[in-house]
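J.: First the structure, which I've put down as structure tokens, then a few questions once you've had a look.
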Amino acid sequence: MNDNHGKLWGVGLGPGDPELVTVKAARVIGEADVVAFHSARHGRSISRGVAAPYMRDGQIEEHLVYPVTTETTDHPGGYQGAIDDFYEQAAQRLAEHLVAGRSVALLAEGDPLFYSSYMHMHKRLCDRFDVEVVPGVTSVSAASAALSTPLVERDEVFTVLPGTLPVEELTRRLRTTDAAAIMKLGRTFPNVFRALKDSGRLDEAKYVERASTTAQRVLDAADVDPAEVPYFSIAIVPSPSNNRQAPSEGSAAKGEVVVVGLGPGADRWTTDEVRQELAAATDLVGYVTYVNRVPERPGQIRHASDNKVESERAAFALDLAKRGRRVAVVSSGDPGVFAMAAAVVEIAADPQWSDVDVRVVPGMTAANAVASRVGAPLGHDYAVISLSDRLKPWDVVATRLAAAASADMAIAIYNPASKSRTWQVAAMRDLLLEHRGPDTPVIIGRAVGSDDESVRTLRLADLDPADVDMRCLLIIGSSQTTVIETGSGTQVFTPRRYPEVAHPS
């Protein structure tokens, strides 16, 4: 750096209230030789107005006027080309002052390094001149203060989103975060409104316009007129722990039960919709192993139990909801596949819970997870059968196995064994060999999606019950299921086309 050059200050002014300008920012503004600020073509600079009480007579003012503020331009490089040229020219104007030895305070609303025009000058000048940034209060903090609402606490995640993102991307991110701030509204508000609605968070969202100024407005996002939304506004979605008061016992609030599936093991297989329901619940109910997979949240009550009390667990959840609680009943995989959805829906048919709403939110099934590890063994018709005889007699299990095998369907086998059930795998193998050849492919997927995952492909004749435990899922191929060796390893698929058969004339 040249000691004879002036210093560039990036000065954060805060969200609009001159009293929120920091002591340091006020001092730097008052001492600078040059005060620079941006505005649109109308010439009115909000940052200049905020800084005015701290400026002094005799300072040079550099008014940097944007050539365009919308995508409409006749510049050969389009909007981005016009803006890039403007920033280059503006940086050159500031550089001339700095080379002459003048200090320059470049004003920035909010914080200079947070969605600010200052950043574009910073990147063009910081390698050539001495630069220092004075942080400022962001509009996010001002909006939170206007709402008198905490945004996040403990391990909750806060996401800042530009309203210029596509609706689908906004929706996805709103579903996967605890709390959010959406900036750059104005013309983007219709898309933001749709994303809030599609993500199920519209009723939680608040709208703050011109936070901290005398023109500040605070509304429910659902009540905002899109035609009256300025650029200097923000949508805030506080986290569930700060956004929704948990209903108390005996509350008049209407409770509900939502049965969710976490997927078969990996957290990445839990859907955004399920995460949203878990975050919104006042109570979690489920088998202890599955409840422990859900991150703890402040104020949320966890009711874990043994895996052999499905009906009691369902009744307990419904009773909580009847008292105004919002209950998530947690299952692994998909809640409708050998899991809690059937139990909850069945028990909810009792007239005592007729006023309780029950919903089911799907999850990835273990069968699909295991199948994906080897290719597409379930690519054609297939049956899903539980080998457990705890809730149905073995005779029924055997009859269904024989029917699926004789129909030449691939079969996904759930609950093949447990500590107290060890003989069914051998019985199943022997029964299937009456209908299938010994070379029929079998996939053993164990703890798929976890750190203990293992997947093996073998012949039906070689299936050893000792290799199967309660964490396994089996896939038995049909007569058409094929095993191939590829550059990525062993792959298994069941073709979608079945061999032609002769039809009687």
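The values are calculated or read from the model by the stated rules, or taken from the named source; none is laboratory data. Note that the coordinates shown come from a computational prediction; the quantities given were computed from them, not determined experimentally. Quick reminder, even Gly has a Cβ in these numbers, built from the backbone with ideal geometry, and neighbours come from all protein chains shown. These accessible areas exclude ligands, DNA and RNA; they are computed on the full protein's heavy atoms, side chains included. Shrake-Rupley method; radii C 1.70, N 1.55, O 1.52, S 1.80 Å.
J.: Report, ordered by the first and then the second residue, all pairs with beta carbons closer than 7 Å, sequence separation of six or more or different chains, a first member in the range 140-161 that is under 10 Å from A181 (Cβ atoms), and a second member that is basic (K, R) and surrounded by 15 or more Cβ atoms within 10 Å (Cβ to Cβ).
T.: Note: pairs meeting the criteria are T159/R173; L161/R173.
J.: Also, I was wondering about something else. Could you say whether any residue in the range 436-449 is open to solvent by less than 60 Å² (accessible area, probe 1.4 Å), among the hydrophobic types (A, V, I, L, M, F, W, C), part of a loop (DSSP other than H, G, I, E, B) and out of contact with any Leu (no Cβ under 9 Å at 6 or more places or on another chain)? It would help to see each step written out before you state the result.
T.: Filtering the range 436-449 for residues open to solvent by less than 60 Å² (accessible area, probe 1.4 Å) gives 436-437, 440-445, 447-449.
In the following step, the residues that additionally are among the hydrophobic types (A, V, I, L, M, F, W, C) were identified as 442-444, 447-448.
The next check asks that each one be part of a loop (DSSP other than H, G, I, E, B); those that pass are 447-448.
So of that shortlist, the ones also out of contact with any Leu (no Cβ under 9 Å at 6 or more places or on another chain) come out as 447.
Yes.
J.: Taking interchain pairs and intrachain pairs at least six residues apart, which have beta carbon atoms under 6 angstrom, with the first residue in the range 448-459 and without any contact (Cβ under 8 Å) to a residue 60 or more places away in the chain and the second buried (at least 19 other Cβ atoms within 10 Å of the Cβ) and β-branched (V, I, T)?
T.: As it stands, the answer is R456/I444; L458/V442, since those pairs meet every condition given.
J.: Here is a further query. Scan the range 12-31 for residues that are surrounded by fewer than 17 Cβ atoms within 10 Å (Cβ to Cβ) and part of a helix (DSSP H, G or I) and jot them down.
T.: P18, E19, V23, K24, R27, G30, E31
J.: Now for a separate question. Residues that are at positive phi: find the helices (runs of 4 or more DSSP H) completely inside the range 96-202 holding 1 or more of those. Steps first, please.
T.: Values: elements: 118-125, 139-147, 167-176, 189-198.
Here the list is empty.
J.: If you go through the range 193-227 one residue at a time, how many are within 17 Å of A142 (Cβ to Cβ) and charged (D, E, K, R)?
T.: Within the range 193-227, residues that are within 17 Å of A142 (Cβ to Cβ) and charged (D, E, K, R) number 4.
J.: How many residues does the range 324-368 contain that are at negative phi and part of a loop (DSSP other than H, G, I, E, B)?
T.: In the first step, residues of the range 324-368 are kept if they are at negative phi; the result is 325-332, 334-337, 339-368.
Checking the rest, the ones that are also part of a loop (DSSP other than H, G, I, E, B) come to 325, 332, 334-337, 339, 349-350, 354-356, 362-365.
Total satisfying the criteria: 16.
J.: To continue, here is another question. Please go through the range 91-112 and give me each residue that is in contact (Cβ under 8 Å) with a residue 40 or more places away in the chain, closer than 18 Å to Y66 by Cα and under 40 Å from the mean Cα position of the chain (by Cα), ordered by number.
T.: Result: L106, L107, A108, E109, P112.
J.: Going through the range 418-429 one residue at a time, which ones are within 16 Å of K392 (Cβ to Cβ), open to solvent by less than 10 Å² (accessible area, probe 1.4 Å) and not polar (S, T, N, Q)?
T.: M428
J.: Listed residues E156, E204; which is surrounded by fewer than 21 Cβ atoms within 10 Å (Cβ to Cβ) and either among the acidic types (D, E) or in the same structural domain as F114 (by the TED database) (or both)?
T.: Values: E204 fails: surrounded by fewer than 21 Cβ atoms within 10 Å (Cβ to Cβ).
E156 is the lone residue from the list that is surrounded by fewer than 21 Cβ atoms within 10 Å (Cβ to Cβ) and either among the acidic types (D, E) or in the same structural domain as F114 (by the TED database) (or both).
J.: Can you tell me which of P362, P377 is touching a Gly at 6+ places or on another chain (Cβ under 8 Å), at pLDDT 95 or above, surrounded by 21 or more Cβ atoms within 10 Å (Cβ to Cβ) and closer than 29 Å to G445 by Cβ? Before the answer, list the steps.
T.: Working: P362 fails: surrounded by 21 or more Cβ atoms within 10 Å (Cβ to Cβ).
On inspection, the qualifying residue turns out to be P377.
J.: Related question: Can you find, within the range 480-494, the residue that is surrounded by the fewest Cβ atoms within 10 Å (Cβ to Cβ) among those that are in a loop (DSSP other than H, G, I, E, B) and modelled with pLDDT of 95 or more?
T.: The qualifying residue surrounded by the fewest Cβ atoms within 10 Å (Cβ to Cβ) is Q480.
J.: For the range 32-85, which residues satisfy the criterion of being in a loop (DSSP other than H, G, I, E, B), in contact with a Gly (Cβ under 8 Å, 6 or more places away or on another chain) and either modelled with pLDDT of 85 or more or open to solvent by less than 40 Å² (accessible area, probe 1.4 Å) (or both)?
T.: D33, M55, R56
J.: Provide a single number: the residues in the range 369-402 that are closer than 19 Å to D334 by Cα, in contact (Cβ under 8 Å) with a residue 24 or more places away in the chain and in a helix (DSSP H, G or I).
T.: Counting residues in the range 369-402 that are closer than 19 Å to D334 by Cα, in contact (Cβ under 8 Å) with a residue 24 or more places away in the chain and in a helix (DSSP H, G or I) gives 4.
J.: Yes or no: K392 assigned by the TED database to the domain that holds L473 and open to solvent by 40 Å² or more (accessible area, probe 1.4 Å)? Full working, then the answer.
T.: Values: assigned by the TED database to the domain that holds L473: yes; open to solvent by 40 Å² or more (accessible area, probe 1.4 Å): yes.
Against the criterion (assigned by the TED database to the domain that holds L473 and open to solvent by 40 Å² or more (accessible area, probe 1.4 Å)), K392 qualifies.
J.: Within the range 211-286, which strands (runs of 3 or more DSSP E) (wholly inside it) include 3 or more residues that are open to solvent by less than 50 Å² (accessible area, probe 1.4 Å), more than 24 Å from R313 (Cα to Cα) and modelled with pLDDT under 90?
T.: Numbers: elements: 217-220, 233-237, 256-261.
Counting at least 3 such residues, we get no strands (runs of 3 or more DSSP E) at all.
J.: Mind counting the residues in the range 406-443 that are touching a residue at least 60 places away in the same chain (Cβ under 8 Å) and farther than 18 Å from L391 by Cβ?
T.: Applying the first criterion (touching a residue at least 60 places away in the same chain (Cβ under 8 Å)) to the range 406-443 yields 408-415, 441, 443.
When the remaining residues are screened for being farther than 18 Å from L391 by Cβ, the result is 408-411, 441, 443.
Result for the range 406-443: 6.
J.: Taking the conditions exactly as written (touching a residue at least 60 places away in the same chain (Cβ under 8 Å), surrounded by 20 or more Cβ atoms within 10 Å (Cβ to Cβ) and within 19 Å of R194 (Cα to Cα)), does L174 satisfy them or not?
T.: Working: touching a residue at least 60 places away in the same chain (Cβ under 8 Å): yes; surrounded by 20 or more Cβ atoms within 10 Å (Cβ to Cβ): yes; within 19 Å of R194 (Cα to Cα): yes.
Yes: the conditions hold for L174.
J.: For the range 305-318, name all the residues that are touching a residue at least 12 places away in the same chain (Cβ under 8 Å) and not in a loop (DSSP other than H, G, I, E, B).
T.: Of everything in the range 305-318, those that are touching a residue at least 12 places away in the same chain (Cβ under 8 Å) and not in a loop (DSSP other than H, G, I, E, B) turn out to be S305, E310, S311, R313, A314, A315, F316, A317, L318.
J.: Restricting attention to the range 287-304, which residues are part of a loop (DSSP other than H, G, I, E, B) and either open to solvent by less than 20 Å² (accessible area, probe 1.4 Å) or modelled with pLDDT of 90 or more (or both)? First the steps, then the outcome.
T.: Of the residues in the range 287-304, the ones part of a loop (DSSP other than H, G, I, E, B) are 292-300.
Correct list: N292, R293, V294.
J.: Taking the range 453-479, which residues are more than 38 Å from the chain's Cα centre (by Cα), outside any strand (DSSP E or B) and charged (D, E, K, R)?
T.: D462, D464
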